[in-house]
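This report concerns only the one structure given below.
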Amino acid sequence: MAAQQAHQAEGTRSRRQSRLFWIILALPGIIWLTVLFIVPFYAMLAIAMGQLDRLFESPIAVWNPFAWSSSNVINVWHDFFGSTAFAGPIVVRTIWYVAAASLLSLVIAYPAAYFVARFAGRRKALFLILLIAPFWISFMMRMLAWIDLLQTSGYVNKALTSIGLISTPVNWLGGHSFTVILGLVYGYIPYLILVLFAGLDRIDPALIEAGRDLGLNRVRTFIRVTLPLSKQPILTGMLITVLPMVGDFYTNQLLSGARSTSMLGNLIQGQLGTPGLAAQGAVLSLLLLLVLLVPMIYYVTATNRSTREAV
């Protein structure tokens, strides 16, 4: 009896030590999320549900939830659905730009990642360096380089003029939708390529060989074997690229700057920089976060489902 009690006490002590170990291991991440996510999120919420200083046209954060006001939320609602609504077309345009840019990115990134994962051979390390190289250059510098290419006297106009496709230079930076879409693709496609490569490289070649042994040709093997096995990397890569695209404001600001191509990120940036509208910009930011939670929850659910099916 005493031996059994000693064994139980030892097991309890072991479980407590294990629990303490995992708490200590998770503590840095908890502190990081608290300081850099939860606190800023609550500060934004206090501003969004706060008041306005009529004298200085600046928002007043209200930290007490029982004193929050819904006036800023009502104003944002009117911007979307009221008689003076103007934000609806911007939201539709953002969805269209992000959908087109993400689809074009997938069409370009998947073949590139597939080639490196399946056919690069001994040169795989070289191709990986080339894929990672864009991350060594800041996003701003890459966008500025894109401006140099697309300006009236840039290399794109010179190349198209020299081969006779156009007779006069085109003002690509004059508020064209396709310029903004291509800018989004150019800015975020490296993330998608790397994620797709990581997923495709983990596919067991024996499964592909089994498909060939069963009489499938290369195309049918890709459709029946490779593509289904790369569903999760595609989902992950699209999530990583779509989420920042939705809130992007810098690409349109540099490559167009026109109201006809403004996106939701430009609307939020404009309100945050306009006296008296900063609180409404905070409300829009929170609404954007709530919308982006939907694909994130779907991603987590799909990942858990695929993990259970694999087990």
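The values are calculated or read from the model by the stated rules, or taken from the named source; none is laboratory data. On a predicted model such as this, the values are computed, not experimentally measured, just so you know. A quick note on method: Cβ atoms are made from the backbone with ideal geometry, for glycine too, and the neighbour counts reach across all protein chains shown. Areas reflect the complete protein model, heavy atoms only, side chains present, ligands, DNA and RNA absent. Shrake-Rupley method; radii C 1.70, N 1.55, O 1.52, S 1.80 Å.
Tabulated data for the structure shown
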{"item": "GNM flexibility winner over the chain from Ser262, Ser18, Ser138 (Cα, springs under 10 Å)", "result": "Ser18"}
{"item": "Total charge dipole magnitude, the chain, about the Cα centre, Cβ charges on Lys, Arg, Asp, Glu only, Debye to nearest 20", "result": "980 debye"}
{"item": "The chain: equivalent-ellipsoid semi-axes (sqrt of 5 x gyration tensor eigenvalues, Cα, Å)", "result": "40, 38, 17"}
{"item": "In the stretch 186-270, trypsin sites (Lys or Arg not before Pro) in a DSSP loop with at most 12 other beta-carbon atoms within 10 Å", "result": "Arg202"}
{"item": "For the chain, calculated [θ]222 nm from helices alone, where every DSSP H run of n ≥ 4 adds -39500 (n - 2.57)", "result": "-23000 deg cm²/dmol"}
{"item": "Solvent-accessible area per residue for the chain (1.4 angstrom probe, square angstrom)", "result": "62 Å²"}
{"item": "Accessible-area composition of the stretch 1-153, carbon plus sulfur, in percent [1.4 Å probe]", "result": "72 percent"}
{"item": "For Glu57, solvent-accessible area (1.4 Å; no DNA, RNA or ligand), Å²", "result": "70 Å²"}
{"item": "Theoretical FRET efficiency, 1/(1+(r/R0)^6), r = Cβ-Cβ of Leu227 and Leu293, R0 35 Å, to 0.05", "result": "0.80"}
{"item": "Using θ = phi - 60° and Karplus 6.51 cos²θ - 1.76 cosθ + 1.60, couplings along the stretch 130-139 (whole Hz; Gly, Pro as x)", "result": "5, 6, 7, 3, x, 6, 7, 10, 5, 4"}
{"item": "Rounded, prolate or oblate (a/c below 1.5 giving rounded, otherwise prolate when a/b exceeds b/c) for the stretch 197-298 by Cα gyration tensor", "result": "prolate"}
{"item": "Accessible-area composition of the stretch 230-302, carbon plus sulfur, in percent [1.4 Å probe]", "result": "74 percent"}
{"item": "Residue of Trp32, Trp63, Trp96 that the Gaussian network model of the chain assigns the largest fluctuation, springs spanning Cα pairs under 10 Å", "result": "Trp32"}
{"item": "Most to least accessible of Met296, Met238, Met263 (protein chains only, probe 1.4 Å)", "result": "Met296, Met238, Met263"}
{"item": "In Å², nearest 10: area of Ser83 left accessible to a 1.4 Å probe", "result": "130 Å²"}
{"item": "With all protein chains modelled, accessible area of Leu289 [1.4 Å, Å²]", "result": "50 Å²"}
{"item": "Sequence of Ile268, Ile30, Ile60 from largest to smallest accessible area, 1.4 Å probe", "result": "Ile30, Ile60, Ile268"}
{"item": "Dipole of the chain, positive end: most advanced residue of Met143, Asn252, Gln271 [Cβ charges, Cα centre]", "result": "Met143"}
{"item": "Unit charges on C-beta of K, R, D, E only; dipole of the stretch 34-162, Debye", "result": "880 debye"}
{"item": "Karplus 3J(HN,Hα) series, Hz, for the stretch 220-229 with 6.51 cos²θ - 1.76 cosθ + 1.60 (x for Gly, Pro)", "result": "5, 5, 5, 6, 8, 10, 5, 5, x, 6"}
{"item": "Amide H contacts of Gln51 (H built 1.01 Å from N, under 5 Å, at least 5 apart or other chain)", "result": "Ile60, Val62"}
{"item": "Under Karplus coefficients 6.51, -1.76 and 1.60, residue-wise ³J(HN,Hα) of the stretch 185-202 in Hz, glycine/proline x", "result": "4, 4, x, 10, 5, x, 4, 5, 4, 5, 5, 5, 4, 4, x, 5, 5, 8"}
{"item": "Where Ser58, Ser162, Ser105 fall by accessible area, highest first, once all protein chains stay in place (1.4 Å)", "result": "Ser162, Ser58, Ser105"}
{"item": "Positive minus negative residues near Thr221 (Lys, Arg vs Asp, Glu; Cβ under 12 Å)", "result": "+3"}
